[in-house]
Amino acid sequence: MSKENKEKPKLKMAIYWGAACGGCCVSVLDVHEKLFDVVAAADLVFWPIALDTKYADVEAMEDGFIDVTLYNGAVRNSENEHIAKLLRQKSKILVAYGSCAHMGGIPGLGNFHNREQIFERVYHTTETTVNKEKIEPQTQVKVAEGTLTLPEFYNDVRTLDQVVDVDYYLPGCPPQTERLVEVFMAIVTGAELPPTGSVVGATEKTQCDECKRIKTDKKHIKEFKRPTEVIDDGVTCFLEQGLICMGPATRSGCGYRCIEGNSPCRGCYGPPSTSPDPGAKMMSAIATMIDSDDPDEIAKIVEQIEDPAGTFYRFSLPGSILRRKLIETHT
Ligand code: SF4
Ligand code: SF4
């Protein structure tokens, strides 16, 4: 048998973006020189941001042809949903890669509004919009050359696992690159993988469990402030300084990279399974730290938190217990 025939066949890998900013796709390139290991072990068969591959190429593949797909981005429209279902069918392992696929991410904040409100703002009332004809995107438009189509914009943002079965979740905005390499090499080497449905590249501890900042467990908060209003001393817990830090409600695994950079955690790794709702966890953590027993004073202190819902569910609204804000529709 020739040497080539003895070599392990390369994996077939796909990377796709749904409703996302593109940062997760770029984060794959952050593996730097390890990219050579990735390319040696896997052929990229579909990656729209980097390769000229078409949806028809994926449709032509046999079911299960792709060994592993990293799907980043939430499901905001019918195209996202169609490709999520197609890639599920064609992939042996489907990974929800990054905060948006995992919990809804920043696009998931759209669930505080409905489609009608978003279209009204985007196509009619933004300060830079001139739209006297009140034109809005249509899913089909007939032109001389034929019919043009656009994906349908849904009322809700959904997580990937609200649309298809997901094998693994790799959280983060974006996931820390070292974690991606670890997970990828585990798949390549055939190492024993965790049970299907696991969050990988993160732990069940919280950021607070790993954080080296000084915590006193005393009641400290008399006032909430914005980061620009505080001269951080570099060592004291952000919450004890009156700054919102999502550490109590966020999985560790990123290497507490924001906190190491003297910036509070914003919660991109999502909540640990022991406290799945970040808003509930943060309210409980904050309640133990407010330095007052007077209900009126407590209410005034809590009112100082800027946009609490958007802050506590910044990366996780569609995947949270709340899922979305209920809004009466007029269409
Ligand atoms: S709240 Fe933030 S700063 Fe304080 S201990 Fe937790 S992670 Fe560290
Ligand atoms: S510290 Fe928090 S916001 Fe920053 S990367 Fe880690 S989980 Fe994400």
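Where in the chain are the DSSP H helices whose C-alpha atoms run 15 Å or more along the long axis and whose mean Kyte hydropathy is at least -0.5?
In the chain, the long hydrophobic H runs are 177-189.
Can you divide the C-alpha Rg of the stretch 1-80 by 2.2 N^0.38 Å and report the result to two decimal places?
After normalising by residue count via 2.2 N^0.38 Å, the value is 1.25.
Would you kindly derive the ³J(HN,Hα) couplings of the stretch 218-224 from the backbone phi angles with the Karplus curve 6.51 cos²θ - 1.76 cosθ + 1.60 (θ = phi - 60°), listing them in order in whole Hz, with x for Gly and Pro?
Taking θ as phi minus 60°, the curve returns 8, 6, 10, 7, 9, 7, 9 Hz for the stretch 218-224.
Can you figure out the FRET efficiency of Lys205 with Lys92, using R₀ = 41 Å and their beta-carbon distance, to the nearest 0.05?
0.85
Using the alpha carbon gyration tensor of the chain, what are the three equivalent-ellipsoid semi-axes (square root of 5 times each eigenvalue), largest first, in whole Å?
Equivalent ellipsoid semi-axes, largest first: 38, 30, 16 Å.
Could you list, by residue number, the cysteines of the chain that have no other cysteine's beta carbon within less than 4.7 Å of their beta carbon?
Here Cys21, Cys24, Cys25, Cys100, Cys208, Cys211, Cys237, Cys245, Cys254, Cys258, Cys265 come out as lacking a disulfide-compatible partner, given the Cβ-Cβ threshold of under 4.7 Å.
With a 10 Å radius around each residue's Cβ, average the other Cβ atoms per peptide and rank 139-150, 170-181, highest first.
170-181, 139-150
Between Leu29 and Ile298, what FRET efficiency comes out of the Förster formula 1/(1 + (r/R0)^6) with R0 = 51 Å and r the beta carbon distance, rounded to 0.05?
Here the calculated transfer efficiency is 0.60.
Full-extension gain between Thr216 and Ser275, please, as 0.36 nm times their residue separation minus the C-alpha to C-alpha distance.
Here the answer is 19.0 nm.
When the helix-only estimate is applied to the chain (DSSP H runs of n ≥ 4, each -39,500 (n - 2.57), divided by the residue count), what is the mean residue ellipticity at 222 nm, nearest 500 deg cm²/dmol? Show your work: numbers first, answer last.
Values: 13 runs with 92 residues, N = 331.
For the chain, the value works out to -7000 deg cm²/dmol.
Quick one: work out the % antiparallel among DSSP beta bridges in the chain, nearest 5.
Just about 25 percent of them are antiparallel.
Report, in debye and to the nearest 20, how large the dipole of the chain comes out about its Cα centre when Lys and Arg carry +1 and Asp and Glu carry -1 on their Cβ. The partial results should precede the final answer.
On the way: 37 positive and 48 negative charges, 62 e Å.
Using Cβ point charges on Lys, Arg, Asp and Glu, the chain gives about 300 debye.
Could you run the Karplus curve 6.51 cos²θ - 1.76 cosθ + 1.60 with θ = phi - 60° over the stretch 192-204 and give me ³J(HN,Hα) per residue in whole Hz, x for Gly and Pro?
5, 8, x, x, 3, x, 6, 8, 10, x, 7, 10, 8
Determine the shape class of the stretch 130-197: with a ≥ b ≥ c the square roots of the Cα gyration tensor eigenvalues, call it rounded for a/c under 1.5, and otherwise prolate if a/b is greater than b/c, oblate otherwise.
prolate
Going by average Cβ neighbours within 10 Å, how do the peptides 208-217, 235-244 rank, with the highest at the top? Don't skip to the answer; put the middle values down first.
Values: 208-217: 14.2, 235-244: 18.6.
Answer by packing, highest mean first, reads 235-244, 208-217.
Identify the residues of the stretch 125-161 with backbone N under 16 Å of a label point that sits 7 angstrom from the Cα of Tyr55 along the Cα-to-Cβ direction, or state none.
Within reach of a label on Tyr55, which here means backbone N under 16 Å from a point 7 Å along Cα→Cβ, the stretch 125-161 contributes 138-141, 147-154.
Just for the Cα atoms in the stretch 115-154, what are the lengths along the principal axes, largest first, rounded to whole Å?
Cα extents, longest axis first: 34, 23, 12 Å.
When all C-alpha to C-alpha distances in the stretch 207-312 are sorted into bins of 10 Å, what percent of pairs does each bin hold, rounded to whole numbers?
Reading upward from the zero bin: 15, 49, 32, 3.
Just so you know, all these numbers are worked out from the coordinates, no wet-lab data involved. In this text, all values refer to a predicted model and were calculated from it rather than measured experimentally. Glycine also receives a Cβ, built like all others from the backbone with ideal geometry; neighbour counts cover every protein chain displayed.
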